[in-house]
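As structure tokens, the structure follows; a few thoughts come after it.
We did not get these values from a lab; they are worked out from the coordinates using the rules stated. This one's a predicted model, so the numbers in the text were calculated from it and none came from an experiment. Glycine gets a Cβ as well: all are built from the backbone with ideal geometry, and neighbour counts include every protein chain shown.
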Amino acid sequence: MRPLRRTGLAAAVLTAAAVLAACSTGTDASTQPTPAAAAPGNAITIGIDLPLSGPSAAPAESMRKGFELTAKEINDAGGVNGTPIALDIQDDAGDPTTGVALVDRFVQNGAVAIAGTYNSPVVLAQSDAVARAQIPQLAFAISSAITKKNNPWVFQTGPTDLGQIDGIVARLKSQGLTKPALLTDTTAFGAGAKPVLEQGLAAAGLTPVLSDTFAVDATDLSAVLLKAKQSGADHVIAWTVGPPYATLAKGAEQVGLGLPIVGTASAADPAVARLAGPAATNIFFQDAVNREKPQVKAIVEKWSGEFGGTVPSDALSAHDILTVIVDGIRAVGPDRAKLRDHLETYRNPNLLSGRIGSVWEYSPTNHVGLVGGNLVWKQYDNGTVRLADGS
Amino acid sequence: MTVVASPPRPAPSVRTTRHWRWTQPAIVLLVGAVVLLVVRPGPFDLRVLTLVAAYAIAAVGFNVLVGFAGVVSIGNSLFLAAGGYAWAILAVPRGPLVALLAGVVVAVVIAVLAGLALLRLRAYYFAVGTLALGALGTVVMRNWTSVTNGDAGITGAGYLKLFGLTGVSSIFAAAVLLLAVFLYLQEALRTSPLGLAMIVGRFDPPVADALGVNVSRTRVAAFVLSAVSAAVGGALVAQLAGGAFPDQFSTTAAISLLVIPIIGGRGWRWAPVVGAIVVIAAPEYLRFLDEYRLAVYGVLVTLVALFLPGGIHQLVRGLVARVGRRRHG
Amino acid sequence: MADRTTLDAQGLAVAFGALRAVDGVDLEVAEGQCVGVVGANGAGKSTLLNLLSGAVRPDAGTVTVVENGRSHRLDGAPGRARARLGIVRMFQTARLVPDLSARENVELGVPAPRGAWLEALGLPTSRRRAGARRRAAEDALARVGLADRAGMRAGELSLGQQRLVEMARSLASGARILLLDEPFSGLSRTAREVVASLVANLRDDGVGVLLVEHDLAQVRLLADRVVVLDAGRVLAAGPVEETLADPEVVRRYIGDIELEIGGGLDDARPSRPPVAAPTPVSAPPDLHADRTAVLEVRDLRVFYGAVPAVDRVELTVAAGDGLGIVGPNGAGKSTVLRGVAGLLTATGSVRLAGERLDGTATPHRFRHGLGFVPQTLTAVVDLSVEENLRLGWLAGSRAQSFAEAMERVGDLFGEIADRRKDPAGALSGGQRQMLAIARALVAGPRVVLLDEPTAGLAPVLVAPFADALARLRADGVAVVVVEHNLGLVRATCSTILGLRAGAPVWSGPTERFDGAAAHEVFLAATAPARTGPSLIEEEHLSS
Amino acid sequence: MTQAAYFVVIGLGVGSVYALSGLGIVTLFAGSGLANFAQGDFMVLGALVAVNVVGAGFGYLPALATAVVVVAAAGLVLGGLFTLPMRHRRVDVDVVIIGTLGVATTMTTLSGIWFGRQPQRLDSPLAGAFIPIGDLQVPAHYALLLAGAALVFGAVHWFHRHTDVGLQLRAVASSVPAARDAGVRVGRMLVVAWTIAALVGGVAGVLVASVVPIAPEAALPLGVNGFAAAIIGGLASPAGAVVGGLLIGVAEALAGGYLNDTLRQAVAPVVLLAVLILRPGGLLGRTRTVRVA
């Protein structure tokens, strides 16, 4: 047995040396190139990637209902040139590893396009995989870094954080507010937007008197609002997802802030009014959806039964996302490359999102559907939302 | 001469266990080669298999911690993160070896400090202590933006290119190779004095002390070994996602790491691989359950924990015994 | 000759709460010498061994090891430091790791050299050392005759075989001082011989052996010197035959359970142990009109796991009667009580006042009038005395209100009645035993089972305890007591059941339990006629 | 000065959330020696049931009653499930931890499916009322929460000290073999311990829903914070859990107020680790190992 043992040993050492020498760090995209066309089948599959479990489960659930209702309407009206569409809805739980794996799963299951996902870090991680798999992705995460990578296959609903900031700066100027207190949350949403916000404000000659962060799951945020109140600011810019605005509103009431709070489009989340009640007041935000638009009124009318009360903006934006993709398929058929090229020429003035007369359009150089100016300002007034004065 | 007249037992299950040290890694390498060259699965399935291999590597150390030394930790996501971030930051500029080593060193340092500080505590207190450690790790990952770039995480991390393969197949090859190495070390440890000391320390601490075993030192050693394998596993997870993000190394990841050896069968040499297949691959292929996917997974974990403490190993041993009995008629 | 190593202990003492388990013991184990330690249950034998092995830290006293010239102070040192100096201890019950093979369990004993952890890396260089360790383990297993079972998992071995594997581990450990804690309990006759010869070989090879053992026959065979412990103090020490013949030792220790060869127990009667027994011993049975039995047990078999530890036990006791169960250590006395109380799985019929109890859970039996006083002092330490009594009352038949029951117990055991608010943990050993008995009585039982109630009691408490039992019987309560102290049994019980090796060997009224009966029960060489696999002793609960 | 007082009061309110969760964990641990990672899910289930009862038009008290009944029933079922294996063999403590983690995953998913994942709020009877401190004001239901925590603590303490069931529970927690020898029905007591822990969780959930937005995903963090509070008290003393919870709450509020929010998030884990390292038995608890024999 002895000689065999020695040769086994030598073999092991040799392979180890070979492996050590051969390994290096490859940086090209780490996904299999499979440019296969969409698998023919009786239905056209569209991949829907949402964080159905984990911290962003609430908005994801509203979007899922929006996608399902829209698909039902499209299929009831005969689908795309006679073939129905099928939604392949998957949960990425906000985890980048799962998100990247799902891109391959959608491709393997013959999806024509991917609508997803909600969290910016996951979309950023998926970018290489999407490019390698050559499948068009319409992401609804709002970090501007997503399209800054100039990945030809990735489109964004918009407005991005950059777009919203231009809107905010414009409003601050018109309201004569000059000393902002900047509060951003510690999730990718807030952390990603913070540098962009500081740049936007500096460009407009506004230097924040306070710049602080807070956690989205905090039970009480009055401490950070008290600092804002004592910092001599004349208004607060709060950059976070939906529910924390309710905590901020209650905190403002507790410390008697008395300053307007300028927020992001996600302040439209009905959870803010439901959680804060009358305390939700003096909060201004740009809503991606103008509820006065006739087509919005029609959809809200139809869907309000499904949502038991106000239809969340997330659901309405899901309607637009699916409509953009289906319009593309209706024009060029279920082919990924053709659909991508067509999307770069897409233009649609009467979708739900955006101000009356705003246009959702893409071009080879602009992959963001709605640009800054397309939004409408709204404000909370004792728990109800209305168009902001002077918008 | 048999000293004691004992009832006729089935032929003693005399197992020459020495061969496993080579055969187990060989089997894993063989299966890896077959999958890569013969089966050639689609990108999604290959990615899931690579994730299984990565978590199996991390679970080898955990199998030593829970199975040999009997210590429960719910904070090992910290070591996954150490490996993941070290890879994401250093792999491209400094090459794969430095990145892997850096991750392992950082994880070992944390493990030694935490081990010395916490390992005097008993089961629950230590488990919750590691939970707090993991929570602290998440807060640091989210807020130490200068190094970890906060919640946006670090993207653009390269992957281990081997044998001229590209993309996920190269990561899969690297993962299988590393898994083989770690399984070899697991078996070597199991039959070494340190491994036996850990096992007796788990089953009967007073007897271990009487045999000259420093039980707390062996537990720290087990904790450090679990950190090493978790760091390597973390590096592979980072390669798969093309970067390191706080949400990858959260409490849920720590819980998965804890559940893998328990479902596999604590201390069993195949527990990391079998457990990883159940914990990582099963949910991917339960996706048709949609909303109920996690509910079914939770019920499975509870039932195994309560009624099958020996995990799948207990099933296998029952099966082998039954086959054994049938052969002896 | 191996290097000279002696273990020397001076003035060792340790107390658990108010219970002084070991109280100023001097002991020396020289190399190549076997020292026997004997004493009744609760005399502190195992605690002394724990002090020497480092499992328990002494309150006072020193433990030093002199190893060819160099002396090491070890009073507080942990067990592992002592193991490295060659002090190896064997536990009372076989403590192997079930999942490891017999060889791996023995390898655990082989002392690991300095760089042993390197082997964990599986480097080829460490193959030689692994082979040496494996061979040492296999040699040791061969010496105990288990070479063919080296690969078997320890969990699959019988208890006797596991004890031999543990013996092999001590051999492989190259011990200089070997501390044995009742190595012979639970072994079959042939296994005892193997262990005895191994211990003798070790002693002759120059190993110092400390042998804590009940079986005086083995002590006479192996020990050069013997130390007799009683209530934590050294009663007598010296050469075996001379010490065991010392009248004081005979009176206090041997007189109870064993007679000298040749003399009957009768002549030992005049020097009755310190039970004052003021009231007439066995109240004339006819005092109680109805002679119907209140507790009848037929064909009782009690199991440890799948193996029957006790076989075909019959007992009957009428209201106001007292049944004493006697027998050598490990005869299964406690097992019978726990079987009747439902705490161990058992077959056969158990009838209390005509109502069948077998097959029911313990709480059900307590509710129907069965009282049980466990052997170890298992009063619930965190609850107060009154709360413990309340617990007992809740489990009982609740015929009387709690206040009335407390009244009755109060006059029986005044001492604990006035400490009702203190936590049970703060009571002394004797007081805790009183509390355990009071807890059973407060439930208003018709039958009370008592498991070695005087173990660990200071002699001065034995008398009041005997009075309490007598008054209890006078109240019409039937009493079944397992007791070592034969004198106490004679004073308090009307009938006696002798058990040996799990089977009844004698039963009848106390008066007829003479020397011959005692010899038959305690010293008979032949194992009683039994069927089934080798006997498993009751799990011996160390005092 | 008013600012410090304000932060302390807010801290006490938030601390009561941790204390209520910690009380549930201690009740089960003191009754059965098990640590329950699904305690947060009991609270979320109680809160969501109450929100739906109020939504159906009933008042706060009927909602509280329904929530308590539903959650106690869930506790009963889980108690039965967790006691089965203990009947015939010694249970490995670390395996049971994973059992409760499995329960936590299942309950979080099922609550999400039945009640939706949107965060909910339950208006307490004192909604809208405020307690002024200088020019700052604290919502009145913080005080309600503090009073609720004190009430629940009192009830748990009274139950353990002055009822027969509580006495038998303490016997089982002290040592299962001693309890079994004393004739306590150990199996039944374990199920009772689970039911009471669930009951405490139900009440806690309803109280907490007026301050913390309740969504199924909030369950695990609630449970972990409860652990932090319970561990500080030594895992076996209800008083310890309340003191531990309030301690963390006030420390967090002060850290948030005077330092920054990042440090606020680090307070609970740091305090927990400090207590474990400096006083392994917890600030108030004795170091006592509870064996589930």
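Each residue of region C:162-173 in turn: what ³J(HN,Hα) in whole Hz from Karplus with 6.51, -1.76, 1.60 and θ = phi - 60°, glycine and Pro shown as x?
4, 4, 5, 5, 5, 4, 4, 5, 5, 4, 6, 7
Considering only DSSP beta bridges where both residues belong to region A:37-118, give the percentage that are antiparallel (nearest 5).
Once the DSSP bridges in region A:37-118 are tallied, antiparallel ones form about 10 percent.
Report, ordered by chain and residue number, the lysines lying within cross-link reach of A:K65, taken as a straight Cα distance under 23 Å and ignoring same-chain residues fewer than 8 apart.
A:K293, A:K297, A:K302
Can you list residues from other chains, or at least 5 along the same chain, whose modelled amide H is less than 5 Å from the amide H of A:L221?
A:G251
Please build a GNM for chain D, connecting alpha carbons under 10 Å apart, and tell me which residue among D:A63, D:A251, D:A178 fluctuates the most.
Result for chain D, Cα springs under 10 Å: D:A178 fluctuates most.
About the Cα centre of chain D, how large is the charge dipole given +1 on each Lys and Arg Cβ and -1 on each Asp and Glu Cβ? Please answer in debye to the nearest 20. Show your work: numbers first, answer last.
Numbers: 15 positive and 10 negative charges, 199 e Å.
With Lys and Arg at +1 and Asp and Glu at -1, about 960 debye.
Which aspartates and glutamates have a Cα less than 12 Å from the Cα of B:K161, not counting those fewer than 8 places away in the same chain?
Counting by Cα, and skipping residues close in sequence, B:K161 has these aspartates and glutamates nearby: A:D28.
What is region C:412-480's relative contact order, in percent, from Cα pairs under 8 angstrom and six or more apart in sequence? Don't skip to the end; give the middle numbers.
On the way: 40 pairs, mean separation 25.2, N = 69.
With pairs under 8 Å counted, the relative contact order is 37 percent.
Which of the listed residues, C:G151, C:A137, C:S126, is farthest toward the dipole's positive end in region C:101-172, when Lys, Arg count +1 and Asp, Glu count -1 at the beta-carbon?
Positive-most Cα among the choices belongs to C:S126.
Could you state, as a whole-number percent, how many of the C-alpha pairs of chain B are farther apart than 36 Å?
Numbers: 10581 of 53956 pairs.
Result: 20 percent of Cα pairs exceed 36 Å.
How large is ³J(HN,Hα), in whole Hz, for each residue of region B:223-238 in order, when computed from phi with the Karplus curve 6.51 cos²θ - 1.76 cosθ + 1.60 and θ = phi - 60°, using x for Gly and Pro?
These are the phi-based 3J(HN,Hα) values: 5, 5, 4, 5, 5, 4, 5, 5, 5, 5, x, x, 4, 5, 4, 5 Hz.
Can you work out D for region B:241-296 in µm² s⁻¹ from Stokes-Einstein, where Rh is the Kirkwood radius over C-alpha pairs, the temperature is 4 °C and the viscosity is 1.567 mPa s? Provide the component values of the computation, followed by the final result.
Values: Rh = 12.4 Å.
Answer from the Stokes-Einstein relation: 104 µm²/s.
Whole number please: convex hull volume per residue, Cα atoms of the protein assembly as shown, in Å³. Intermediate values should be presented prior to the final figure.
Working: hull volume 305.1 nm³, N = 1556.
Per-residue hull volume (Cα only) is 196 Å³.
So which lysines pass the test for A:K250, namely a Cα distance under 28 Å, with those fewer than 8 places away in the same chain ruled out?
Straight-distance partners of A:K250: A:K173, A:K179, A:K194, A:K227, A:K229, A:K378.
Cut-off 10 angstrom, C-alpha nodes, Gaussian network model of chain D. Which of D:G31, D:G223, D:G256 fluctuates the most?
D:G256
Of D:T100, D:T27, A:T247, A:T147, how do they rank once you tally other Cβ atoms within 10 Å and put the fewest first?
Values: D:T100 22, D:T27 29, A:T247 25, A:T147 19.
Listed from fewest to most nearby Cβ atoms, that is A:T147, D:T100, A:T247, D:T27.
Can you give the translational diffusion coefficient of region C:152-246 in µm²/s, computed by Stokes-Einstein from the Kirkwood radius over Cα pairs at 4 °C and 1.567 mPa s?
On the way: Rh = 14.5 Å.
The estimated diffusion coefficient comes to 89 µm²/s.
Within the set of other residues whose C-beta is less than 14 Å from the C-beta of B:A152, count the net charge using Lys and Arg as +1 and Asp and Glu as -1. Write down the numbers at each step before the final one.
Details: positive: A:K148, A:K149, A:K194, B:R142; negative: A:D161, A:D185, B:D151, B:D247.
Computed value for this residue: 0.
Over 10 Å intervals from 0, what percent of Cα-Cα pairs in chain A sits in each interval?
The distribution over chain A is 5, 22, 30, 21, 11, 5, 3, 2, 0, 0, given as percents.
Can you list, bin by bin at 5 Å, the percent of alpha carbon pairs in region D:18-220, starting at 0?
All Cα pairs considered, the percentages come to 1, 8, 15, 19, 18, 14, 11, 7, 4, 2, 1, 0, 0.
Run the numbers for D:L61 and D:I131: contour at 0.36 nm per residue of separation, minus the present Cα-Cα distance, in nm. Mind dumping the intermediate values first?
Values: separation 70, 0.36 × 70 = 25.20 nm, distance 2.31 nm.
This chain segment gains 22.9 nm when fully extended.
So, with +1 on the Cβ of K and R and -1 on the Cβ of D and E, and no other charges, what is the size of the charge dipole of the protein assembly as shown about its Cα centre, to the nearest 20 debye? Walk me through the numbers on the way to the answer.
On the way: 129 positive and 119 negative charges, 577 e Å.
In debye, rounded to 20, the protein assembly as shown gives about 2780.
Which value in nm describes the separation of the simple spin-label points at A:A43 and A:E301, placed 7 Å from the Cα toward the beta carbon?
With each label placed 7 Å out from Cα toward Cβ, I get 2.9 nm.
Can you tell me what share of the DSSP beta bridges in chain A is antiparallel? A percent to the nearest 5 is fine. Mind dumping the intermediate values first?
Numbers: 14 of 47 bridges.
Beta bridges within chain A, antiparallel portion: roughly 30 percent.
Would you grab the residues whose amide H sits under 5 Å from the one on A:S211? Only those 5+ places off in sequence or on another chain, please, with H modelled 1.01 Å from N.
A:L182
So, R0 is 25 Å and r is the distance between the beta-carbons of D:A150 and D:T2; what FRET efficiency does that work out to, to 0.05?
E between D:A150 and D:T2, to the nearest 0.05, is 0.55.
Test of understanding: in a Gaussian network model of chain D with alpha carbons linked when under 10 Å, which of D:L144, D:L259, D:L199 would top the mean-square fluctuation ranking?
Of D:L144, D:L259, D:L199, the Gaussian network model singles out D:L259 as fluctuating most.
For region A:190-258 and region C:143-221, what is the separation of their Cα centres, given in Å?
The distance from the Cα centre of region A:190-258 to that of region C:143-221 comes to 76 Å.
Work out from phi, with θ = phi - 60° and the Karplus expression 6.51 cos²θ - 1.76 cosθ + 1.60, the ³J(HN,Hα) of each residue of region C:94-109, listed in order in whole Hz, and give x for Gly and Pro.
4, 10, 9, 8, x, 6, 8, 6, 4, 5, 5, 4, 6, 4, 4, x
Rank the residues A:S24, D:S174 as a footprinting-exposure proxy: fewest other Cβ atoms within 10 Å of their Cβ go first. Before the final figure, lay out the partial values.
Numbers: A:S24 14, D:S174 22.
Exposure proxy ranking, most exposed first: A:S24, D:S174.
Have a look at the DSSP beta bridges in the protein assembly as shown and tell me what percent are antiparallel, nearest 5. Walk me through the numbers before you get to the answer.
On the way: 73 of 141 bridges.
Given both bridge residues lie in the protein assembly as shown, the antiparallel proportion sits at roughly 50 percent.
What relative contact order, as a whole-number percentage, does region D:18-220 give when Cα pairs under 8 Å and 6 or more residues apart are counted? Present the calculation step by step, with values, prior to reporting the outcome.
Numbers: 292 pairs, mean separation 91.1, N = 203.
Normalised by residue count, the contact order of region D:18-220 is 45 percent.
How high is the relative contact order of region B:20-251, in percent, with contacts defined as C-alpha pairs under 8 Å that are six or more residues apart? Show your work: numbers first, answer last.
Values: 383 pairs, mean separation 99.3, N = 232.
Answer for region B:20-251 is 43 percent.
Quick check for me: using +1 on Lys/Arg Cβ and -1 on Asp/Glu Cβ, what's the dipole size of region B:20-251 about its Cα centre, in debye to the nearest 20? Working shown, then result.
On the way: 12 positive and 6 negative charges, 37 e Å.
The calculated dipole for region B:20-251 is roughly 180 debye.
Averaged across C:86-99, how many Cβ atoms of other chains sit within 10 Å of each residue's Cβ atom? Walk me through the numbers before you get to the answer.
On the way: counts 1, 2, 3, 5, 2, 4, 0, 0, 0, 7, 4, 9, 1, 8.
For peptide C:86-99, the averaged partner shielding equals 3.
For C:H72, C:H368, which order do you get if you count the other beta carbons within 10 Å of each Cβ and list the fewest first?
So the ranking, lowest neighbour count to highest, is C:H72, C:H368.
Taking the alpha-carbon set of region C:101-172, what are its Rg and Dmax in Å?
Considering region C:101-172 through its Cα atoms, Rg and Dmax are 12.6, 38 Å.
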